[in-house]
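See structure below.
Readers should treat all values here as calculations from the given coordinates under stated rules, not as data from a laboratory. Computed from a predicted model, the values in this text were never measured in an experiment. Because the Cβ atoms are built from the backbone with ideal geometry, glycine has one as well, and the counts that use them run over all protein chains shown.
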Amino acid sequence: MNKRCYYEVLEVTKSADDEEIKKAYRRVAMRCHPDKNPGDKKAEEEFKEAAEAYQVLSDPQKRQMYDRYGHEAIKGNQGFAGFEDIFSSFGSVFGDIFGTGRDRGNRSGKDLRYELNISFTEAVFGTEKKIEFERLKECSTCHGSGIKKGTSPEKCPYCGGTGYISQSAGFFSVRSTCRRCGGGGVLIKNPCDNCNGTGKEREKRKIKITIPAGVESGSRMLLRGEGEGGIGAAPAGDLHVFIFHEQHEIYERRHEHLFARLPISFTQAALGDTITVTTLEGEEKIKIPAGTQNGEVFRLDARGVKRLNSFGRGDIYLEVIVEVPKKLTEYQKKLLRDFAKEERPRS
């Protein structure tokens, strides 16, 4: 199988500088990243192909050899065993894009998810809620270092304290994160008793949040900095609160509007009537004109849900359902037969 030109893979010209190549690689990697394309074998191959192209074109010596002799110049020195291999070689690049860098230095804390169930009325008019959740924060004993008080970490003998290991193969040198120290450059021989060397401890967090009027079921609120604590000077992650509200016993919600069926009798439809309906504020009387047909819709202006982050409210729509009686007395049947005779055109 013929390999594609590396410049074609990254969608750049041969005159592209280092920054253009890096940006192009990020763009292509974002598009075909396996997390965004689960189960897509073609996307996986394109992802590996892009990593291989970047490995060559981001290195001046490799790029010069490739420009002069093509794929034959680097034959046998390219390719990755899997995605872990790719991430370890390009940790800094992927750390910026996907947050997958293996460096144990400054690193933002993980985001958390919280699901909050509220009533239909609370979603319509807004409310305040207290939520409680657990998260990891910086260890109060070692202040995030993971080291037992009074001791010091040792320089990693495998990488010499650099946090990475370089491996040479022919013309090329590939740098990867040290697997022994995880990129930190040190080994903790005496871990903190409180956090067992992780630098984190678990805490229960209680906060009050404001649910805006008109929020829809499935909406997400983003609370910055309420996720797990970061490593070093990195910021904490975020808390994603997903809100779900109950269904109304009468109305079906469609954004800011409410819909329901309005059953009335045959005589109410024919003669007209004033009936009582339930709205969000309570009961309200509406007039049914004589001669109302099945399927007609009545609208109650501004009785629906408040528009989220805007002014005004939606409407209530009531669809008339004329109910035909299933059982009639003999007298009722006689009246309807007389009515039917009156309906027939006279010759």
- From DSSP H assignment alone, runs of 4+ in the chain each adding -39500 (n - 2.57), the sum over residues rounded to the nearest 500 puts [θ] at 222 nm at -7500 deg cm²/dmol
- To the nearest Å, what is the center-to-center distance of the range 295-340 and the range 124-171, using C-alpha atoms only? 63
- Message: Could you work out the relative contact order of the chain? I mean the mean sequence separation of Cα pairs under 8 Å and 6+ apart, divided by the number of residues, in percent.
- Response: 15
- If each K or R counts +1 and each D or E counts -1, the residues other than Asp273 whose Cβ falls under 11 Å of its Cβ total +2
- Message: Out of all Cα-Cα pairs in the range 1-66, roughly what percent, to the nearest whole number, are more than 20 Å apart?
- Response: 25
- Item | Long-range Cα-Cα pairs in the range 156-302 (distance over 19 Å), rounded percent | 75
- Message: Suppose every Lys and Arg Cβ carries +1 and every Asp and Glu Cβ carries -1, with no other charges. What dipole size does the chain come out with about its Cα centre, to the nearest 20 debye?
- Response: 480
- Note on the structure: Restricting to lysines and to Cα separations under 28 Å from Lys148, and discarding same-chain partners fewer than 8 apart, the set is Lys110, Lys137, Lys189, Lys200, Lys204
- Message: Can you tell me the convex hull volume per residue for the chain, based on C-alpha atoms, in Å³ to the nearest whole number?
- Response: 280
- Listed pairs Lys3/Lys48; Lys285/Lys327; Lys22/Lys42; Lys206/Lys306 exceeding 19 Å between Cα atoms: Lys285/Lys327; Lys22/Lys42; Lys206/Lys306
- Considering the alpha-carbon set of the range 252-343 alone, what are its Rg and its Dmax in angstrom? 17.2, 59
- Task: Check the cysteines of the chain one by one and keep only those with no other cysteine Cβ under 4.7 Å from their own.
- Result: Cys5, Cys32
- Query: Where a Cα-Cα gap under 27 Å defines reach, which lysines qualify for Lys334, not counting those fewer than 8 residues away within the same chain?
  - Reply: Lys326
- trypsin sites (Lys or Arg not before Pro) restricted to DSSP loop in the range 10-43 with at most 16 other C-beta within 10 Å: Lys14, Lys36
